[in-house]
1. Taking the stated definitions as given, is ALA58 surrounded by fewer than 15 Cβ atoms within 10 Å (Cβ to Cβ) and either of a type in the set (Gly, Ala, Ser) or within 23 Å of PHE136 (Cα to Cα) (or both)?
2. Would you pick out the residues in region 162-179 that are surrounded by 14 or more Cβ atoms within 10 Å (Cβ to Cβ), farther than 27 Å from ALA6 by Cα and touching a Leu at 6+ places or on another chain (Cβ under 8 Å)?
3. Taking into account only those residues within region 74-94 that are under 19 Å from ILE10 (Cα atoms) and out of contact with any Cys (no Cβ under 8 Å at 6 or more places or on another chain), which is surrounded by the fewest Cβ atoms within 10 Å (Cβ to Cβ)?
4. ALA4 - would you say it is in contact (Cβ under 8 Å) with a residue 40 or more places away in the chain, exposed (fewer than 14 other Cβ atoms within 10 Å of the Cβ) and not hydroxyl-bearing (Ser, Thr, Tyr)?
5. Do we have CYS31 as closer than 19 Å to ASN95 by Cα, of a type outside the set (D, E, K, R), modelled with pLDDT of 95 or more and surrounded by 16 or more Cβ atoms within 10 Å (Cβ to Cβ) here?
6. Limited to region 101-117, what total is found for residues that are among the polar types (S, T, N, Q), within 20 Å of THR44 (Cβ to Cβ) and assigned to a strand (DSSP E or B)?
7. For region 187-196, which residues satisfy the criterion of being farther than 22 Å from PHE113 by Cβ and buried (at least 16 other Cβ atoms within 10 Å of the Cβ)?
8. Within region 89-100, can you find the residues that are more than 9 Å from GLY115 (Cβ to Cβ) and not in a loop (DSSP other than H, G, I, E, B)?
Amino acid sequence: MKNAIASPKIKEYLSESTLQELINEEKIYNCNFLEGELQTRKVTALEFNECKFNKLTATGKEFYNTQFIDVIFDKCDFSNTTFELCLFTRCKFINCKLLGVNMINSSLQNVLFDGMISYSNFANNKFNKVLFKDAFLDEARFLENSFANINFDKCQINRIEFSKCDLSKVDLSTCNFDDIKVNPTELRGIKLSSYQACIIARKLGIIIEG
């Protein structure tokens, strides 16, 4: 459900640092990362716990086998960044830019997304209690994902693609689109507005009169 997303558990007072200063650590706790640009191309096997990222720029970088637990990303730029084999638990992406992000083979539980996420690629992920709210997801691709309690609330999703995903109980009724890419056999149980249903019907060659 939309209101069931658990918020990150973060202490009131955090140590201030930059990500670049601690990039060689294995576990990072209770840090408030200040504005800056990540210079390291690839981050591997790192654990972030109870942290905030503020205006981090990490475009075109790679995060591999990295855990984010109780983390807030605020106004960060992850455009064209890859997250592979990562874990996100109780995380929020607030006003972030994730244009062209590749998030693959990862697990997301109690995660909130808003901001620019168009042209993104979500593949082979496990989504559990994930909310996309007021997000721009034009031409985003969701390929072979496992969905449990995933919601899209007032998002722009024109030409979004779903392939080999179970869309039963997925609610797109508050979203805006003129076209989506989906196999008709995978539409069973999806929730749409009457206007959206007409768009899908036209794609299937159904003529609606009256």
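1. no
2. Result: SER163, single match.
3. ILE94
4. Yes, satisfied.
5. On the way: closer than 19 Å to ASN95 by Cα: no; of a type outside the set (D, E, K, R): yes; modelled with pLDDT of 95 or more: yes; surrounded by 16 or more Cβ atoms within 10 Å (Cβ to Cβ): yes.
Taking the combined requirement at face value, the residue does not satisfy it.
6. As a first pass, look at region 101-117 and keep what is among the polar types (S, T, N, Q): 102, 105-107, 109-110.
Checking the rest, the ones that are also within 20 Å of THR44 (Cβ to Cβ) come to 102, 105-107.
Filter once more, keeping what is assigned to a strand (DSSP E or B): 102, 107.
Residues that pass the stated criteria total 2.
7. Step one: of region 187-196, the residues farther than 22 Å from PHE113 by Cβ are 187-189, 194-195.
Matches in region 187-196: LEU187 only.
8. Those that are more than 9 Å from GLY115 (Cβ to Cβ) and not in a loop (DSSP other than H, G, I, E, B): THR89, ARG90, CYS91, LYS92.
The values are calculated or read from the model by the stated rules, or taken from the named source; none is laboratory data. In this text, all values refer to a predicted model and were calculated from it rather than measured experimentally. Cβ: placed from backbone, ideal geometry, glycine included. Neighbour counts: every protein chain shown.
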